[in-house]
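Please read the structure below before turning to the comments.
The values are calculated or read from the model by the stated rules, or taken from the named source; none is laboratory data. What you are looking at is a predicted structure, and each value in this text was computed from that prediction instead of being measured. Every residue, glycine as well, gets a Cβ built from its backbone with ideal geometry; the counts of neighbours run over all protein chains shown.
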């Protein structure tokens, strides 16, 4: 008879309570990213980091400030790592701002 910890470590499941964005947000973020002139694993990592950042924005803090931090970090990374041009980033930023405003309005 064993009385210690389980032999197999616990793994997260889909029923665990973790921060997540509303389901419709991912599709909207995908649509915005589809307008960028770059694709690939690096862009996917940045997209996922942006979604994680949005999901982690607490409803108890200033959502606009939290969204702004997420967006600015993404834009900086796209410029540095993917060499996205400033004029393209401005258009992309406008799309993200509209999405973030919709998130705030629906909460």
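Yes/no matrix, rows are residues, columns are (1) modelled with pLDDT under 75; (2) under 26 Å from residue 107 (Cα atoms); (3) assigned to a loop (DSSP other than H, G, I, E, B); (4) touching a strand residue (DSSP E or B) at 6+ places or on another chain (Cβ under 9 Å):
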residue: 1; (1), (2), (3), (4): yes, no, yes, no
residue: 7; (1), (2), (3), (4): yes, no, yes, no
residue: 10; (1), (2), (3), (4): yes, no, yes, no
residue: 13; (1), (2), (3), (4): yes, yes, yes, no
residue: 30; (1), (2), (3), (4): no, yes, no, no
residue: 36; (1), (2), (3), (4): no, no, yes, no
residue: 43; (1), (2), (3), (4): no, no, no, no
residue: 48; (1), (2), (3), (4): no, yes, no, no
residue: 52; (1), (2), (3), (4): no, yes, no, no
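Sort through 83, 71 and tell me the only one that's part of a helix (DSSP H, G or I) and modelled with pLDDT of 95 or more.
None of the other options fit; the residue is 71.
Restricted to the stretch 63-76, and to residues that are over 13 Å from the mean Cα position of the chain (by Cα) and without any contact (Cβ under 8 Å) to a residue 40 or more places away in the chain, which residue is nearest to residue 36 (Cα to Cα)?
76
Mind checking which residues of the stretch 59-81 are more than 14 Å from residue 104 (Cα to Cα) and either in contact with a strand residue (DSSP E or B) (Cβ under 6 Å, 6 or more places away or on another chain) or surrounded by fewer than 17 Cβ atoms within 10 Å (Cβ to Cβ) (or both)?
If the condition is that a residue be more than 14 Å from residue 104 (Cα to Cα) and either in contact with a strand residue (DSSP E or B) (Cβ under 6 Å, 6 or more places away or on another chain) or surrounded by fewer than 17 Cβ atoms within 10 Å (Cβ to Cβ) (or both), then 69, 72, 73, 76, 79, 80, 81 are the ones that fit.
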